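The values are calculated or read from the model by the stated rules, or taken from the named source; none is laboratory data. Treat the numbers as computed from the prediction; the structure is a model and nothing was measured. Cβ: placed from backbone, ideal geometry, glycine included. Neighbour counts: every protein chain shown. Quick note on the areas: whole protein, heavy atoms, side chains included, nothing else; ligands and nucleic acids left out. Shrake-Rupley method; radii C 1.70, N 1.55, O 1.52, S 1.80 Å.
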Amino acid sequence: MAGGAAVTLEVDGRDLQISNPEKVFFPAVGVTKMDLVQYYLTVADGVLAGARERPTTLHRFPNGVLDDGFYQKRLPPKRPEWIRSSTVTFPSGRFAEMLVVADAAHLVWAANLGCLEINPWPVRAADVDHPDELRIDLDPTPGIAFDDVRRTALVAREVLDEHGLEGFVKTSGKRGIHVNARIEPRWEFTMVRRAALAFAREVERRMPGVATTAWWKEERRGVFVDYNQNARDRTVASAYSVRPTGDARVSCPIEWDEVMVVEPADLTLRTVPERFARDGDPGARIDERSGSLDSLLDLALRDEREGLGEAPWPPNYPKAPGEPPRVQPSRARGARAEREGVVAPPAPGKRAGPTGRRRSKMPLIEVARAATEAEARTGLDRWRKKHPKAAKHLAVDDVLVDSMRGRSTTWTRIRVNLRNVPEADRPPQEELEVDYDPWEGVEWSDEDRPAPRRGRSPGRSN
């Protein structure tokens, strides 16, 4: 859909053309592409405090939030010559040339591509193998009140202070809170993640029943302290990033004394610029002091001596020494599971069921595979109406909503655990309410296939 004639803006001494400036990106609140561009210009200093000189993944929505977005890691070959880049390596061993956010012009260039979120790596372009930021992502599981997230954030600050680190807090722009702390760039990703795991376990100890480090969704209950956000190639939305929500919420830095009163819904593309102009940026000082991880790494050694070893990594990472079996509990294939478990039947027309081809002790069925979470949840609603007797027995954490990786976008799978449903009322596996195939029509090239090796990036930047 056309969005008006292109306009040219001068930013940082460069002329940038904004195509289709009147294209509507957020229909519910009437936000256009030009509104997005002007927003990033207004808060550019705040974005750059968190993202400057960092390799960055772009979360693009060229047709607005009602259409599917996608993550773009590699820079397009056609780009202005002044665009800065850096070469990074992924866990698979493959390399990519990524955008480096250097100034406001880079932000405007990205916004013109329909980029809502800036997702920077926790490294600088000059040294892409040694993070200079510890990232604490507090992610509530379904049904958990935001007050629990608030309280967890304050405990996170406590723990950081005790270990010599200063945390800077911001809303995630959705249901969570992020806390970032600058660190000395002396440790590789594996050691930063190790420190983050020790940190997360300490928060969990201080908030039993509220904070959790359980990696598998079927075991989580409470506020997940996501230690794996510190692994290589894991990113979170930067300060002042616009999130793909209907009301154009922002991941907004706040002061610590705002944590217990902040309402994320109040911090949007429309409201944050005025706040930024009036109060300044609460994260502006983040580069003033870099702390050491030595104390948290000592804590990790203590945990290890007390029997707390490695924790699960994300599925696309090489197996780590001492890592427990990388299989969700309902798929465990121990001797007991072999005796008592069953292979869950696939939905009609599918080759694999809700637990793949592994045995499971949990009565899981699959309800939907959809391009978006909203579509998947619509399918879940239909399933609930078809099976009201079963639906009334489901606990919040009996509905498993998984974000799955596609070729260039994520898709959503919903499974239901019938453990709390009386056997007589348990529905069988039926045809999926929404049946989306993310790989339909895809032909894999050699470049797209994961490489079998690991490696380190040469750290080139230009």
Return the pairs, sorted by first residue and then second, in which the second residue is aromatic (F, W, Y) and outside any loop (DSSP other than H, G, I, E, B), the first residue lies in region 278-294 and is farther than 9 Å from E166 by Cβ, the beta carbons are less than 9 Å apart, and the residues are 6+ apart or on different chains. P282/F168; P282/W256; G283/F168
Only one of these conditions is not met by R52: (1) free of Cβ contacts under 8 Å to residues at least 60 places away in the same chain; (2) more than 18 Å from P244 (Cα to Cα); (3) in contact with an Asp or Glu (Cβ under 7 Å, 6 or more places away or on another chain). Which number is it? (3)
Hey, could you check region 102-122 for residues that are part of a helix (DSSP H, G or I), touching a residue at least 40 places away in the same chain (Cβ under 8 Å) and open to solvent by less than 10 Å² (accessible area, probe 1.4 Å) and say which is nearest to G13 (Cα to Cα)? A105
Checking the condition outside any loop (DSSP other than H, G, I, E, B), among the aliphatic types (A, V, I, L, M) and closer than 30 Å to D127 by Cβ, which residue from A239, A277, A196 passes? A196
Please enumerate the residues belonging to region 76-101 that are over 30 Å from V29 (Cα atoms), among the β-branched types (V, I, T) and either in contact with a Ser or Thr (Cβ under 6 Å, 6 or more places away or on another chain) or in a strand (DSSP E or B) (or both). T87, V88, T89, V100
Have a look at A28, A6, A51 and point out the one that is touching a Pro at 6+ places or on another chain (Cβ under 8 Å) and surrounded by fewer than 22 Cβ atoms within 10 Å (Cβ to Cβ). A6
Output the qualifying pairs, or none if there are none: Cβ atoms under 6 angstrom, residues six or more apart or on different chains, first residue in region 382-411 and over 13 Å from W439 (Cβ atoms), second residue of a type in the set (A, V, I, L, M) and part of a helix (DSSP H, G or I). R384/A391
Do we find a residue being in a loop (DSSP other than H, G, I, E, B), buried (at least 16 other Cβ atoms within 10 Å of the Cβ) and modelled with pLDDT of 75 or more anywhere in region 365-372? yes
Where residues in region 280-296 are part of a helix (DSSP H, G or I) and open to solvent by 20 Å² or more (accessible area, probe 1.4 Å), which of them is nearest to R186 (Cα to Cα)? D294
Can you tell me which residue in region 123-157 is surrounded by the fewest Cβ atoms within 10 Å (Cβ to Cβ), limited to those that are out of contact with any Gly (no Cβ under 8 Å at 6 or more places or on another chain), assigned to a loop (DSSP other than H, G, I, E, B) and not small (G, A, S)? P142
Output the number of residues of region 403-427 satisfying the condition of being under 16 Å from R384 (Cβ atoms) and either open to solvent by 70 Å² or more (accessible area, probe 1.4 Å) or assigned to a strand (DSSP E or B) (or both). 6
Could you count how many residues in region 233-256 are open to solvent by 10 Å² or more (accessible area, probe 1.4 Å) and either at positive phi or within 12 Å of the chain's Cα centre (by Cα) (or both)? 5
All but one of (1) small (G, A, S); (2) within 29 Å of the chain's Cα centre (by Cα); (3) modelled with pLDDT of 85 or more; (4) not in a loop (DSSP other than H, G, I, E, B) hold for S330, so report the exception by its number. (3)
Output the number of the condition that N316 fails; it satisfies all remaining conditions of (1) open to solvent by 60 Å² or more (accessible area, probe 1.4 Å); (2) of a type in the set (S, T, N, Q); (3) within 19 Å of H130 (Cβ to Cβ). (3)
Strands (runs of 3 or more DSSP E) wholly inside region 1-75 containing at least 1 residues that are closer than 30 Å to V128 by Cβ: 7-11, 14-18, 55-60, 70-72
Do you know which of the residues in region 68-93 that are within 21 Å of V37 (Cβ to Cβ) and under 19 Å from the mean Cα position of the chain (by Cα) is most open to solvent (accessible area, probe 1.4 Å)? Y71
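With R186, R175 as the choices, which residue is outside any helix (DSSP H, G or I), open to solvent by 10 Å² or more (accessible area, probe 1.4 Å), at pLDDT below 95 and among the basic types (K, R)?
R175
Suppose the filter is assigned to a loop (DSSP other than H, G, I, E, B), over 22 Å from T57 (Cβ atoms) and open to solvent by less than 10 Å² (accessible area, probe 1.4 Å); does L160 pass it?
Here the answer is no, as L160 does not meet what is asked.
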Tell me whether region 212-232 contains one or more residues that are within 26 Å of G46 (Cβ to Cβ), at pLDDT 95 or above, in a strand (DSSP E or B) and open to solvent by 10 Å² or more (accessible area, probe 1.4 Å). no
